[in-house]
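The values are calculated or read from the model by the stated rules, or taken from the named source; none is laboratory data. All figures in this text were calculated on a predicted structure; none of them were measured in a lab. Counting neighbours? That spans all protein chains shown, and the Cβs are built from the backbone with ideal geometry, glycine included.
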Amino acid sequence: MKLTIFNGSPRGVNSNTKILLEHFINGFTETEGNSYELSYLVRIKEGEQFVTLFQEAEHILVATPLYVDAMPGIVKAFIESLEPLCGQKGNADIGFIVQSGFPEPNHSRYLERYLAKLSARLGCRYNGTVIRGGVEGIQALPGFMSKKLLKTFYELGRIYGKTGKFDEQLVRKLAGPERWSRFKFGIMRIMINATYWNHMLKKNNALGKRFDRPYGVESGSTESV
Amino acid sequence: MTNVKLYFRVTSVLNTALLERQMKVTILNGNPDTSNHTFDDYLKNLSDTLTASEHNVTTLVLRDMDIRYCVGCWGCWVKTPGHCAARDDLGDVCRVYINSDFVLFASPVIMGFPSALLKKVQEKAALSVLLPYFEQVNNEVRHVGRYPRYPRIGLLLERSETCDDEDIQIINDIYARFALNVKTTYGFTRLTSDPVKEVADEINHL
């Protein structure tokens, strides 16, 4: 099976999406004869080539981060470039991976509905959407903490490579509970707010400016400084 | 004492009733297609109607602004808090946005969703007006607000030939989520097939 993959992250090769895909691909290529072609949608100049690749593909995987409740702008631009293909495709199947910084899968469920509809619009068979929250931290966390997650993506890719389908049980496992308990959130908040964000702010010498309101009339404006 | 309280209550209600007629309204025109005059004309008409009802209306034509795609650098949170590190025209959008009472996101529907042009601006502006920190609101994780108040928002769409009611419903639901994300309540989703006066009335009654 040949899989045509589009990485929709605006961070391109430095993205968390890339890390998840790497493990998926490692699993996918376990099956002999499987191959893939991977494109980064952030390379906007290659846009025409993306359309050709999409048009000629038999199996498609689009992986994207959730940006403010939907697909990032660059992914929407890619989707718009596919408009001439609407109703033309009969054979390709398409699946999606949506990863978010917010921990709960619920944030991505609305984009999931859009992606299912998009597949129909493009005349593609919809393979489903894999949703995973809380991914922003994976590059900052110690390796052993992200190891389990990456292993699951490997397994997802391995089964997909054999069957052409996302394994339902793994999809449920990756999504996790739709809502987080207050307790679990309380612990996460300390890790994310105090550790992760303040660490980044300090690193950039910006901790003192973290609450700035450069565009507010009522507030102390720093824009004019 | 009770009378004094009542007096203040009544005057504050009256004040609100009188003041709410005047709003700062911003229209974000996300039409990428210069040849689509119908859409721009509709917005012009809407802007004139709102101005006639004493509102202060600003329209930003996003396609004429230099705004780059978000690259996910978190500059607006951890390097130059509150504004985009790219230093493009996004600052103009943020300034107008945060000082508005109501912001209308407007776009033709392309492939079942508002334009990439509108989405690009929407996601960058949203991050700039929020803090990176997490809080839990209604049992969901959200970002903490950066500003003390946020404009209400609404959406105006132009249907394409292939756009059905399900598409409109999906977009509506995503924008209602977006409203929660940017610390406000969702006004409405309207179509350019609705009379301008109806949309203006809806904004008037928010």
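Points to keep in mind about this one:
- Pairs, first within 7 Å of chain A (Cβ to nearest Cβ) in segment B:111-139, second of a type in the set (D, E, K, R) and in a strand (DSSP E or B), C-beta under 8 Å, six or more apart: B:134/B:142; B:136/B:142
- Here A:2, A:45 are screened, and the one residue that is among the charged types (D, E, K, R) and touching a His at 6+ places or on another chain (Cβ under 7 Å) is A:2.
- Here is the figure for segment A:117-146: residues that are assigned to a helix (DSSP H, G or I) and either away from chain B (no Cβ under 12 Å) or surrounded by fewer than 16 Cβ atoms within 10 Å (Cβ to Cβ) (or both) total 7.
- Test: residue in segment B:188-206 that is without any contact (Cβ under 8 Å) to a residue 24 or more places away in the chain and within 11 Å of another protein chain (Cβ to nearest Cβ): no
- Within segment B:150-168, the set of residues being at pLDDT below 95 and either touching a Pro at 6+ places or on another chain (Cβ under 6 Å) or within 9 Å of chain A (Cβ to nearest Cβ) (or both) comprises B:162 only.
- Of the helices (runs of 4 or more DSSP H) lying entirely inside segment B:1-94, the ones with 3 or more residues being modelled with pLDDT under 95 are found at B:2-19.
- In segment A:137-155, the residues that are of a type in the set (S, T, N, Q) and either closer than 25 Å to residue A:31 by Cα or modelled with pLDDT of 80 or more (or both): A:146, A:152
- Residue, modelled with the lowest pLDDT, within segment A:163-214, restricted to residues that are more than 12 Å from chain B (Cβ to nearest Cβ) and not in a helix (DSSP H, G or I): A:176
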